[in-house]
Amino acid sequence: MPSSVGPRNAFVPSPVFVGIVALTAVSGWMAWTGFGNVRVDVFLFIVSGWLLSLCLHEYAHAAVAYACGDRGVAERGYLRLNPLKYTSPLLSIVLPIIAVVLGGIGLPGGAVWIDHSLVRTRARESLISLAGPATNVLFALLIAVPFALGAGQDLGFSGGELVGEHANFWIALAALGFLQVTASVLNFLPVPGLDGGNIVRPWLNREYQRAYDLFAPYGFILLFVLLWQSKINVWFFSFVGVLCDAIGIPDLAGRVGLEWMRFWAET
């Protein structure tokens with residue numbers, strides 16, 4: 001008889017996740033000390049930190065699903081924080097990283113697979129979907145703490161050069177916080193197939209649920225097309241900037257960090 005709590009190591013972080021944590025820590029140290037090419041340091045820290053947050057986002061979905069009745073997430077390896085175990089690593093990891101590198105947008109990825117037949121109430125279904133974006137919100141708030149305590153206040157430019165104590169680290173951290181805010185906003189939009197839509201779906205009647213399910217596979221594409229429109233893009237980033245400043249993450253520093261991470265465009 002299979003165990004109701006899953007494999008013995010179901011809750012042990014995978015070596016892949018440990019490697020991501022290590023890369024985030026090492027690249028953070030590199031950015032802090034100005035080791036080597038600082039723009040490469042900024043790139044590595046932002047990308048590895050973003051990948052770390054993606055793992056935690058998907059883990060949150062799985063952990064809440066486990067608590068709400070779907071013990072199969074343990075068997076599927078979702079509780080080990082291994083991004084290679086997701087149903088679609090392309091949607092969950094690769095495309096979001098490309099969106100960060102090319103567009104500075106924290107696009108939500110594809111979710112872990114949940115057996116909703118084992119989740120007994122609509123409130124629990126919504127809670128499972130809510131867990132992911134709530135993780136992004138928490139991540140953003142944690143990043144805001146050092147800035148709220150006065151870190152990075154001496155950031156600036158002099159003769160075209162970035163100045164300030166540990167400036168490279170602070171702009172990279174601000175950029176990572178900026179991405180968390182973009183991901184939070186996008187994930188709470190009621191778009192079919194994304195977390196925001198999945199929060200609402202259990203409360204729709206059957207007819208609307210069927211319509212929702214028809215559009216769900218195209219929600220990600222719809223979101224991408226909308227953000228490609230210049231007016232919507234400007235409005236979106238302006239709104240994200242306001243939210244960043246409101247919680248203490250310096251919007252301008254975040255934008256500079258996202259620009260600096262593109263080391264291949266360095267002149």
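For region 142-193, the candidate set comprises residues that are modelled with pLDDT under 90 and polar (S, T, N, Q); within that set, the residue that is nearest to L214 (Cα to Cα) is Q153.
I need the full set of residues from region 138-153 which are closer than 25 Å to V64 by Cα, surrounded by fewer than 18 Cβ atoms within 10 Å (Cβ to Cβ) and touching a helix residue (DSSP H, G or I) at 6+ places or on another chain (Cβ under 8 Å), in order please. Of everything in region 138-153, just one residue is closer than 25 Å to V64 by Cα, surrounded by fewer than 18 Cβ atoms within 10 Å (Cβ to Cβ) and touching a helix residue (DSSP H, G or I) at 6+ places or on another chain (Cβ under 8 Å), namely L141. Considering region 1-79, the qualifying helices (runs of 4 or more DSSP H), each wholly inside and each with 1 or more residues that are modelled with pLDDT of 95 or more and among the small types (G, A, S), run over 15-33, 38-67.
Counting residues that are in contact (Cβ under 8 Å) with a residue 24 or more places away in the chain, which helices (runs of 4 or more DSSP H) fully inside region 132-217 reach at least 3? Qualifying helices (runs of 4 or more DSSP H): 167-188, 195-200. Within region 21-33, the residues that satisfy the criterion of being in contact (Cβ under 8 Å) with a residue 24 or more places away in the chain and under 14 Å from M261 (Cα atoms) are G28, A31.
Residues in region 218-236: is at least one at pLDDT below 95 and not in a helix (DSSP H, G or I)? Yes, the conditions are met somewhere in region 218-236. Residues to consider are S117, S129; find the one that is part of a helix (DSSP H, G or I), over 11 Å from the mean Cα position of the chain (by Cα) and surrounded by fewer than 17 Cβ atoms within 10 Å (Cβ to Cβ). Selected residue: S117, the only one of S117, S129 that is part of a helix (DSSP H, G or I), over 11 Å from the mean Cα position of the chain (by Cα) and surrounded by fewer than 17 Cβ atoms within 10 Å (Cβ to Cβ). On inspection, G196 fails the criterion of being under 18 Å from the mean Cα position of the chain (by Cα), farther than 21 Å from G132 by Cα and at pLDDT 90 or above. If the condition is being in contact with a Gly (Cβ under 9 Å, 6 or more places away or on another chain), closer than 26 Å to S53 by Cβ and surrounded by 12 or more Cβ atoms within 10 Å (Cβ to Cβ), then region 199-222 contributes A216, Y218, G219, F220, L222. Taken over region 134-171, the criterion of being among the aliphatic types (A, V, I, L, M), in contact with a Phe, Trp or Tyr (Cβ under 9 Å, 6 or more places away or on another chain) and farther than 27 Å from C55 by Cβ is satisfied by L155, L162, V163. Restricting the search to region 80-96, which residues are modelled with pLDDT under 85 and either of a type in the set (S, T, N, Q) or surrounded by 21 or more Cβ atoms within 10 Å (Cβ to Cβ) (or both)? The answer is Y86, T87, S88, S92, P96.
Taking G77, is it surrounded by fewer than 23 Cβ atoms within 10 Å (Cβ to Cβ), touching a residue at least 60 places away in the same chain (Cβ under 8 Å), over 12 Å from the mean Cα position of the chain (by Cα) and closer than 30 Å to A253 by Cβ? Spelling it out, it is not the case that G77 is surrounded by fewer than 23 Cβ atoms within 10 Å (Cβ to Cβ), touching a residue at least 60 places away in the same chain (Cβ under 8 Å), over 12 Å from the mean Cα position of the chain (by Cα) and closer than 30 Å to A253 by Cβ. Filtering A99, A65 for residues that are touching a Leu at 6+ places or on another chain (Cβ under 9 Å) and either crowded, with 23+ Cβ neighbours inside 10 Å or among the aromatic types (F, W, Y) (or both) leaves a single hit, A65.
The values are calculated or read from the model by the stated rules, or taken from the named source; none is laboratory data. Because the structure is a prediction, the values reported are computed rather than measured. Because the Cβ atoms are built from the backbone with ideal geometry, glycine has one as well, and the counts that use them run over all protein chains shown.
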